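Trainee: Can you read through this structure? Questions will come right after.
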Amino acid sequence: MNLVVGATGVLGGEICSLLAQAGKPVRGLVRASSSPERVDALRKAGVELATGDLTDRSSLDAACRGVRTVYSTATAIQSRQEGDTLDRVDREGQANLVDAARQAGVRRFVFISFRGTPGLDYPLQAAKRATTERLKKSGIPWTVIEASMFMEVWLGPHLGFDAGNARARIFGAGEKKISWVSYRDVAALAIAAAESAAGENQVLEIGGPEALSPLEAVRIFEERGGKKFEVEHVPEDALASAKANARNPVEETFAGLQLLYARGFEVDVKPTLARFPMRLTSVREYADRVFAG
Ligand SMILES: NC(=O)c1ccc[n+]([C@@H]2O[C@H](COP(=O)([O-])OP(=O)(O)OC[C@H]3O[C@@H](n4cnc5c(N)ncnc54)[C@H](OP(=O)(O)O)[C@@H]3O)[C@@H](O)[C@H]2O)c1
């Protein structure tokens, strides 16, 4: 049995779909408060549902029963209920899950993270680091996937990249390159690595096939959509000051991630592709998907 924690999220939902489509048994952890539409979509895809919460250890013990592989994609950065904090969910909650998985005799724990950047730290990164350290010491065979920025999120309307209205918000000058990756490719790698001995006790970095600056990404969208974009820049010093003056760890993390974007985030995917050959989605293909609706 595979357990996906974060099943109602973007990446966790894709891992559930891919496993279910391949006829593999999959259980998704959902919360009493999770979106009913997303829970229903999981049920229709053939995913067994387990109700629980990272902050409730006994629910994790129940969800881990009979499980061989745990995939943890959950995070409180976007999806928070009252009382949820990065500390309670991304740090203590993930620690609860590692402990529950160890007790249940889980044979592989796949944790989704991203690479740290020297000189730029923020609470989500610190929580990811703490989980990775706990997992490595747990005795459970582990895989940590360090993903670059998801193109569907960072080149999507939620963060101000609004292709439909030909408008883009760019963090910083927009000239530093980023290895935009599709969450679909991250899901495929997570499963391939979980199911292979080559993925055991490995940190695997994944980015897209080509690093492009945000302004280059805008040009691709202009070319594919046939319309010039209106571009708004959030200056890097405004991001640094937002981080310094953040009122809570979530605000500090958002400013930290936007600074990461402004400073560029390139990933060398060759070592991962050498072990797990796969075709990676390009920003051009993603743009065509967006315009095709
Ligand atoms: N976005 C990027 O560019 C990027 C880049 C690299 C790595 N990542 C990592 O990729 C992972 C997946 O991201 P995503 O975009 O798929 O996230 P997402 O869509 O925001 O999904 C978050 C999931 O976590 C669940 N969750 C939150 N708090 C929980 C709790 N207390 N107990 C149990 N589940 C809880 C949510 O459940 P509900 O629906 O019930 O709230 C939801 O299923 C994250 O770990 C993220 O850090 C993201």
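Trainee: Looking at Ala211, Ala168 in this structure, which one is among the aliphatic types (A, V, I, L, M), in contact with a strand residue (DSSP E or B) (Cβ under 8 Å, 6 or more places away or on another chain), touching a residue at least 24 places away in the same chain (Cβ under 8 Å) and open to solvent by 10 Å² or more (accessible area, probe 1.4 Å)?
Mentor: Being among the aliphatic types (A, V, I, L, M), in contact with a strand residue (DSSP E or B) (Cβ under 8 Å, 6 or more places away or on another chain), touching a residue at least 24 places away in the same chain (Cβ under 8 Å) and open to solvent by 10 Å² or more (accessible area, probe 1.4 Å) holds for just one of Ala211, Ala168, which is Ala211.
Trainee: Output the residue which, of all residues in segment 163-181 that are closer than 15 Å to Gly207 by Cα and in a strand (DSSP E or B), is farthest from the chain's Cα centre (by Cα).
Mentor: Ile178
Trainee: Between Val153, Val144, Val110, which is among the aliphatic types (A, V, I, L, M), in contact with a Gly (Cβ under 9 Å, 6 or more places away or on another chain) and either within 15 Å of the ligand (Cβ to nearest atom) or without any contact (Cβ under 8 Å) to a residue 24 or more places away in the chain (or both)?
Mentor: Result of the check over Val153, Val144, Val110: Val110.
Trainee: Do we find that Asp56 is of a type in the set (Asp, Glu), near the ligand (Cβ under 9 Å from one of its atoms) and surrounded by 23 or more Cβ atoms within 10 Å (Cβ to Cβ) in this structure?
Mentor: no
Trainee: To continue, here is another question. Of everything in segment 23-41 that's touching a residue at least 24 places away in the same chain (Cβ under 8 Å) and more than 10 Å from the ligand (Cβ to nearest atom), which residue is farthest from Thr75 (Cα to Cα)?
Mentor: Pro25
Trainee: I've got another one for you. So which residues in segment 69-85 are closer than 21 Å to Val144 by Cβ, near the ligand (Cβ under 10 Å from one of its atoms) and either in contact with a Lys or Arg (Cβ under 8 Å, 6 or more places away or on another chain) or part of a helix (DSSP H, G or I) (or both), if there are any at all?
Mentor: Scanning segment 69-85 gives a single hit, Ala76.
The values are calculated or read from the model by the stated rules, or taken from the named source; none is laboratory data. Keep in mind that this is a model prediction, so the values were computed, not measured. So basically every Cβ, Gly included, is an ideal-geometry build from the backbone, and we count neighbours across all protein chains shown. These accessible areas exclude ligands, DNA and RNA; they are computed on the full protein's heavy atoms, side chains included. Shrake-Rupley method; radii C 1.70, N 1.55, O 1.52, S 1.80 Å.
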